[in-house]
Amino acid sequence: MIELLLYTLVAYVTNASCTLSKLLSQHPLDFGSGLLGPGKTIEGLLIGLNAGLFTSLLFNLDFRVSFYFITAALLGDLLGSFFKRRLGIPRGGELPLIDQVGFLLTSYLVLSFFINVSFWLALTLLVITFFIHRLSNKLACALNLKNVPW
């Protein structure tokens, strides 16, 4: 149970830290093709990966498992953007639930190959994450790190 909570915190740090790329020059991951949109950048991916790995080291979590888990969290966020573009949702538009918990769903799926992920605890954390994500994004908007609160 504690291990799942720690990995969840790692996913939060990973996902949130990607927005720090706005402080740097930005290079779109999709090289301007429109597959993901200009908000998904090489810098954001690298910042998220490094912040997640650093956090997992602080929590003394298995490095290999953390790497897969963090990569899955980042890919979950990228998949959400990919589907939004395919559905015609513009950058800044919302795809409810996917925008808030997509990163955590994919990371829990990968984590379940390495540790026992309690369904009920994971579901509870997903619900809590929905609200935490909303609040933290409102803060990010107030700090001009994001343009929309989702």
Interchain or long-range residues, amide H under 5 Å from residue 41's placed H:
29
Taking the alpha-carbon centre of each part, the distance from segment 89-105 to segment 31-76 in Å is 17 Å
Sort 99, 62 so that the residue with the fewest other Cβ atoms within 10 Å of its own Cβ comes first and the one with the most comes last.
62, 99
If you place +1 on the Cβ of every Lys and Arg, -1 on the Cβ of every Asp and Glu, and leave all else neutral, what size is the dipole of segment 2-142 about its Cα centre, to the nearest 20 Debye?
340 debye
What are the aspartates and glutamates whose alpha-carbon lies under 16 Å from the alpha-carbon of residue 138, with same-chain residues fewer than 8 places away excluded?
94, 99
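No lab work stands behind these numbers, since they all come straight from the coordinates. All figures in this text were calculated on a predicted structure; none of them were measured in a lab. Positions of Cβ are generated from backbone atoms using ideal geometry, with glycine treated the same way; all protein chains shown enter the neighbour counts.
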